[in-house]
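Reading through the structure tokens given below for one structure.
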Ligand code: B3K
Ligand code: ZN
């Protein structure tokens, strides 16, 4: 057991390690309940460490079997072995070999951290602090070592044995039913990148020739029988490898690259050196079982983990405060990859939607923290949207500020300087500053200040002078621990749209503005644009150049104009969304929707425009989510009122544009066999949006269309969206469709997850009982993170009216599940509890319910550090 009230760790307390590990030899004898682990560490005193420091190695729930120094067994009292720590108070020399033998029980490991079993296979997860559940080690990212791993197992039980690096030896153990494999990883790495896999798995193989001519054997290992579903992942891997060479000049550096898909995994995937371990949700796909979102998720996660080989593995983090150094940067890289593979504007819109839904809400609530936090109690709780998604936005802004060439020069210098090292955000920024000569000290505030900046913008047109003045004020709201903020450096991309819909020249004091970006750096600033022959409409924060909230004096008419004409596709989308948002906010507050004419005009024009990409249309015409409306309302939110306003507006748009949607539904029908490419996915997205609008009133025709599509679909996207449409209506077709879906896919857990999710999202008072019943369904298991997220996670995060029921039963249910789960898998439990992150914006009654439920959790004895940390900070 770990300490229930761990002390806070502070960035400012960082000290270099006292001992280094020059090499480590691991020997695993795999056994379901008694796996023997022998670790030989070549320890050496760090000249930069504290003189005379003892050797202190981390452990977590470990049992020591044997200890030897330079081959000689040692006994107490020369060392102290506790479950969480091994101490040698008086090391024998400044360099010596320490041999440690531990016994671990992978079957009893329900935390899915360290060595555990999934579908009878053995696998590991070590980031951030799982290696200490395997053996005693200086388990911190700034201790890098060369790992050699010998794995031995029963041949029948585990015919496949995989480790990091290259395979150097394998064979049978004579006279036994066992065999072994030895893997050597020549690249120094921290313990969190260690991995091994043993089990019965099928291999899908391919190869890749790098730019410099090295052949890399690629393997994707899946459950036997699922081989046919790994093709898309393999294709995405090869495209990622090529792209990293072309876009960043980064080549792969081992002879093999293996990916293993497992069905019990706490998150999406893990970038272990040469041996990525994946949640099978991000590997397996077939047209019948995977949606277009699944395909793009697979492409993105495969790329993300692969890109970590350089941003994360070759250059790692000095300490966990620097997590965004690898995560924000790698998210940026995977987003850029997907943008190049698909439609850049549509990818940007989807990413910003996700950023606002997850990160802006986090920044607005009690769990807000900087991209680089300065203190933590449980590091697992900092794998957040802020570290990942806002971390990526910060890198994107850097690129906007420095330009393509400056950014690439900075990245090249970063790789050159820090390859093989554990680096910091300061190192990262210094590479860009040195490569371009730019002072980035104000920019660095993006890493240390939490909260979403607010830009308040107003314009003044001077007809006589032909000038347009933009007055910009910036502020950053107070967040936990940070009551007062400094002004930030904000790259604001913009355009001035003339009456003919074309961009006007953008000049400040007659000097053209490069790349259309002005830099906001003061609390208040004015920009005087010159040489204009008519009043422009400003198009602000084009492409969402900065992750800020924007309050402008644009009128509804200006927005209708921008929705129709803006040269920046992101802002065309945003203008339409903003028109809808204002209506939804008024509707939710007053109970009466304003006249929707402006939205209908703007939406109708976009729907009818043959020049626009269907995927773009689908994004633009999907109204802001309930979560987005609540976030904009910010306080006193009544989720039922938000739901009612949104439903009302969907009905108004659906009714007014029924003809256009019917035509679109027909026009967007598939013309050939299923293909997961972006263009085909875009047509499906638009067609399915039309299906939803055509059914929103619940009339027989719309329901029948959804039912027919559900029954006749030849792919999962069309089938599941039809089911989602039916799920919103209390019609007999709904239950029939759910039953038939289950019967068709009952042997496919990843598909049954979708079935759980859709039921958990039904916005009806009996959903809570339905979810409780589903927890007893044979296909559900609290031990499997995907099942928990699909059912309970979806209820908490994607059913605002029912999770926030006025009687508090939704909150109580979720906290009860959190408490039940905590003893089994504290990370998944803590994640689930974090769904309360927006509770403070609720109206007083619901807020009190949420607070009571959180308090009950906080007061429960024996909580894990993960759950205790979220409960305390949420209430803080
Ligand atoms: N680096 C891992 C995340 C590990 C999370 C541990 N709680 C996956 C990724 O971001 O690529
Ligand atoms: Zn990552």
| Just to be sure, is residue 520 buried (at least 17 other Cβ atoms within 10 Å of the Cβ), at negative phi and in contact with a helix residue (DSSP H, G or I) (Cβ under 7 Å, 6 or more places away or on another chain)? | no
| query | Hey, among the residues in the stretch 266-284 that are in a loop (DSSP other than H, G, I, E, B) and within 10 Å of ligand 1 (Cβ to nearest atom), which one's surrounded by the most Cβ atoms within 10 Å (Cβ to Cβ)? | reply | 272
| Flag if residue 249 is touching a helix residue (DSSP H, G or I) at 6+ places or on another chain (Cβ under 8 Å), on the phi > 0 side of the Ramachandran plot and either in contact (Cβ under 8 Å) with a residue 40 or more places away in the chain or more than 16 Å from ligand 2 (Cβ to nearest atom) (or both) | yes
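So in the stretch 308-321, with the set limited to residues that are in a strand (DSSP E or B) and in contact (Cβ under 8 Å) with a residue 60 or more places away in the chain, which one is farthest from ligand 2 (Cβ to nearest atom)?
Per the criteria, the residue is 315.
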| field | Unmet requirement for residue 346, which otherwise passes all of (1) away from ligand 1 (no atom under 14 Å from the Cβ); (2) in a helix (DSSP H, G or I); (3) surrounded by fewer than 22 Cβ atoms within 10 Å (Cβ to Cβ) | value | (3)
| note | Exactly one of 538, 499 is loosely packed, with under 14 Cβ neighbours inside 10 Å and either within 37 Å of the chain's Cα centre (by Cα) or not assigned by TED's automatic domain parsing to the domain that holds residue 442 (or both), and that residue is 499
| task | Could you list all residues from the stretch 487-501 that are part of a loop (DSSP other than H, G, I, E, B), farther than 21 Å from residue 553 by Cβ and touching a helix residue (DSSP H, G or I) at 6+ places or on another chain (Cβ under 6 Å)? | result | 488
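Limited to the stretch 842-863, what total is found for residues that are in a helix (DSSP H, G or I) and over 15 Å from residue 797 (Cα atoms)?
14
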| task | For residues that are outside any helix (DSSP H, G or I) and under 24 Å from the mean Cα position of the chain (by Cα), scanning just the stretch 610-644, find the one that is surrounded by the fewest Cβ atoms within 10 Å (Cβ to Cβ). | result | 634
| said: Against the condition touching a residue at least 12 places away in the same chain (Cβ under 8 Å), closer than 16 Å to residue 312 by Cα, assigned by TED's automatic domain parsing to the domain that holds residue 326 and in contact with a helix residue (DSSP H, G or I) (Cβ under 8 Å, 6 or more places away or on another chain), how does residue 417 come out, does it pass? | reply: yes
| Single match in 271, 299, 327, 305 (criterion: in the same structural domain as residue 377 (by TED's automatic domain parsing) and within 16 Å of ligand 2 (Cβ to nearest atom)) | 327
| Residues of the stretch 55-101 classified as over 21 Å from residue 22 (Cα atoms) and either in contact with a strand residue (DSSP E or B) (Cβ under 6 Å, 6 or more places away or on another chain) or assigned to a loop (DSSP other than H, G, I, E, B) (or both), total | 17
| remark: Across (1) more than 18 Å from residue 21 (Cα to Cα); (2) surrounded by fewer than 19 Cβ atoms within 10 Å (Cβ to Cβ); (3) touching a residue at least 24 places away in the same chain (Cβ under 8 Å), residue 161 clears everything bar (2)
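Per-residue answers, yes or no, for (1) near ligand 1 (Cβ under 10 Å from one of its atoms); (2) assigned to a loop (DSSP other than H, G, I, E, B); (3) over 16 Å from the mean Cα position of the chain (by Cα):
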{"residue": "286", "(1), (2), (3)": "no, yes, yes"}
{"residue": "300", "(1), (2), (3)": "no, no, no"}
{"residue": "323", "(1), (2), (3)": "yes, no, no"}
{"residue": "330", "(1), (2), (3)": "yes, no, no"}
{"residue": "333", "(1), (2), (3)": "no, no, no"}
{"residue": "350", "(1), (2), (3)": "no, no, no"}
{"residue": "361", "(1), (2), (3)": "no, no, no"}
{"residue": "367", "(1), (2), (3)": "no, yes, yes"}
{"residue": "373", "(1), (2), (3)": "no, yes, yes"}
| request: With respect to residue 224, determine if the residue is assigned to a loop (DSSP other than H, G, I, E, B), more than 16 Å from ligand 1 (Cβ to nearest atom) and in contact with a helix residue (DSSP H, G or I) (Cβ under 8 Å, 6 or more places away or on another chain). | output: no
| request: Name the helices (runs of 4 or more DSSP H) wholly inside the stretch 730-803 in which the number of residues that are surrounded by 18 or more Cβ atoms within 10 Å (Cβ to Cβ) and out of contact with any strand residue (DSSP E or B) (no Cβ under 9 Å at 6 or more places or on another chain) is 3 or more. | output: 732-745, 749-760, 767-774, 794-798, 800-803
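Just checking, how many residues over the stretch 580-609 are crowded, with 24+ Cβ neighbours inside 10 Å and either in contact with a strand residue (DSSP E or B) (Cβ under 9 Å, 6 or more places away or on another chain) or without any contact (Cβ under 8 Å) to a residue 60 or more places away in the chain (or both)? Step through it out loud before you land on a result.
Of the stretch 580-609, the ones crowded, with 24+ Cβ neighbours inside 10 Å are 580, 583-584, 588, 599, 602-603.
With the extra rule that they be either in contact with a strand residue (DSSP E or B) (Cβ under 9 Å, 6 or more places away or on another chain) or without any contact (Cβ under 8 Å) to a residue 60 or more places away in the chain (or both), the set shrinks to 588, 599, 602-603.
Of the residues in the stretch 580-609, 4 are crowded, with 24+ Cβ neighbours inside 10 Å and either in contact with a strand residue (DSSP E or B) (Cβ under 9 Å, 6 or more places away or on another chain) or without any contact (Cβ under 8 Å) to a residue 60 or more places away in the chain (or both).
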| request: Taking residue 167 as the residue in question, decide whether it is assigned to a strand (DSSP E or B), outside the structural domain of residue 309 (by TED's automatic domain parsing) and surrounded by 19 or more Cβ atoms within 10 Å (Cβ to Cβ). | output: no
| remark: Checked the stretch 502-522 for anything in contact (Cβ under 8 Å) with a residue 60 or more places away in the chain, in a strand (DSSP E or B) and under 34 Å from the mean Cα position of the chain (by Cα); matches are 517, 519, 520
| field | Set 525, 577: member being in a strand (DSSP E or B) and surrounded by 15 or more Cβ atoms within 10 Å (Cβ to Cβ) | value | 525
| query | Looking at the stretch 441-466, which of the residues that are part of a strand (DSSP E or B) and in contact (Cβ under 8 Å) with a residue 60 or more places away in the chain is nearest to residue 510 (Cα to Cα)? | reply | 461
| field | Condition check for residue 807: within 19 Å of residue 839 (Cβ to Cβ) and in a loop (DSSP other than H, G, I, E, B) | value | yes
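The values are calculated or read from the model by the stated rules, or taken from the named source; none is laboratory data. Computed from a predicted model, the values in this text were never measured in an experiment. Neighbour counts run over all protein chains shown; Cβ positions are idealised from the backbone, glycine included.
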